[in-house]
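Just below is one structure, and these are the notes that go with it.
The values are calculated or read from the model by the stated rules, or taken from the named source; none is laboratory data. From a predicted model like this one, the values you see are computed outputs, not experimental measurements. When we count neighbours, we look across all protein chains shown, and the Cβ atoms used for this are built from the backbone with ideal geometry, even at glycine.
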Amino acid sequence: MSSLFEKQDSLNSPIEAFVSGDPNMIFPVKPHWHYFVELIAVFEGTAHITCDDRTYIVSEGEFILLPQLTVHSIYTTNDKVPYFAGIKFDPAKFPNVTSYAPSVSNILRYARSKDMQLHFSAEEAKSLCCREIFEDCVKEAHSYLYGRDIILRAQIYRLIFGIVRKWMAAGFDINSCPVNSDNMYGIENITEYIDSHIEESIRVSDIAEKCHLSYSGFAAKFREQYGMSCKEYIERMKISKSEEYLLFTDHDLAFISQQVGFSDTSHFIRSFRKYRDITPKQFRIQKKQPL
């Protein structure tokens, strides 16, 4: 199975959207797996889609949800290549939206254990505004306009919770789904824990323990998934969060360094320069828009 692994850039691109006509896309899509959830909507033609040991014929107007860690592929059912759109996203980047609701990661994991519906008819897709959502995500993914990330997340939340409502109507007991994932961490969702504790002094050994892995085993698996060490991921996340403070507040560097979990201001400045080639002060001057 490891030879089929397709690495995703979860830190820099936690959401991807594409259409089958994109120049970088190779068709047919041969068997592979990754830590992202993938949604495929067929707009024209028919696609032959496999997901682990199951085969689905997804026709025009229909869509399918491919859970993370499943081996899947996309072929044509005839000589005509289907026109379809896809959305890939890291479910660990979609935390609880309310205090009572499980995270998207927990919901999808629990739904998979209950063998919930993955393939949705054209009528069901229409009721979920599927085409509108897919087309908007593809547009946003390629536009890089202000608010792009928020709009992409909003549209994915909209579709996922539309699916969840359909599952609930079919008997899915959302109240039995764990709200807190403290005891359910693995490599595929450990960044959910890291992101929510980024302002703390997080030790890699403690993170490995949450995944029930040895330090060396965790380090190898984390690098395979994210293309960097866990320590580097944590530092990069701190820098990314600090940019929001630099751009959208007037807090000084001492306050910002404390909020994002650096030991002191000097450490913050050194790390920022390491990854951005300029100091936080220079970044703020260059990038900040007038309030």
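Structure notes:
- For region 77-88, the condition holds for at least one residue, the condition being that it is more than 13 Å from residue 192 (Cβ to Cβ), touching a Cys at 6+ places or on another chain (Cβ under 6 Å) and either in contact (Cβ under 8 Å) with a residue 40 or more places away in the chain or not in a loop (DSSP other than H, G, I, E, B) (or both).
- The requirement of being without any contact (Cβ under 8 Å) to a residue 60 or more places away in the chain, hydroxyl-bearing (Ser, Thr, Tyr), in a loop (DSSP other than H, G, I, E, B) and surrounded by fewer than 19 Cβ atoms within 10 Å (Cβ to Cβ) is fulfilled nowhere in region 39-62; no residue meets it.
- Of the residues screened, residue 222 is not one that is surrounded by fewer than 18 Cβ atoms within 10 Å (Cβ to Cβ) and either not aromatic (Phe, Trp, Tyr) or not assigned by TED's automatic domain parsing to the domain that holds residue 35 (or both).
- Filter result (within 30 Å of residue 123 (Cβ to Cβ) and of a type in the set (Ser, Thr, Tyr)) within region 166-215: 176
- In the set (1) more than 13 Å from residue 15 (Cα to Cα); (2) out of contact with any Pro (no Cβ under 8 Å at 6 or more places or on another chain); (3) surrounded by 13 or more Cβ atoms within 10 Å (Cβ to Cβ), the condition left unmet by residue 146 is number (3).
- Test: residue in region 79-91 that is in the same structural domain as residue 47 (by TED's automatic domain parsing), on the phi > 0 side of the Ramachandran plot and surrounded by fewer than 16 Cβ atoms within 10 Å (Cβ to Cβ): no
- Considering residues of region 161-199 that are of a type in the set (A, V, I, L, M) and in a loop (DSSP other than H, G, I, E, B) only, the residue modelled with the lowest pLDDT: 184
- Residues in region 249-291 that are β-branched (Val, Ile, Thr) and in a helix (DSSP H, G or I) were compared, and the one that is surrounded by the most Cβ atoms within 10 Å (Cβ to Cβ) is 256.
- Test: residue in region 252-270 that is under 24 Å from residue 9 (Cα atoms), in contact with a helix residue (DSSP H, G or I) (Cβ under 8 Å, 6 or more places away or on another chain) and of a type in the set (Asp, Glu): no
- Exactly one residue out of 246, 159 is in the same structural domain as residue 118 (by TED's automatic domain parsing), crowded, with 18+ Cβ neighbours inside 10 Å and touching a helix residue (DSSP H, G or I) at 6+ places or on another chain (Cβ under 6 Å): that is 159.
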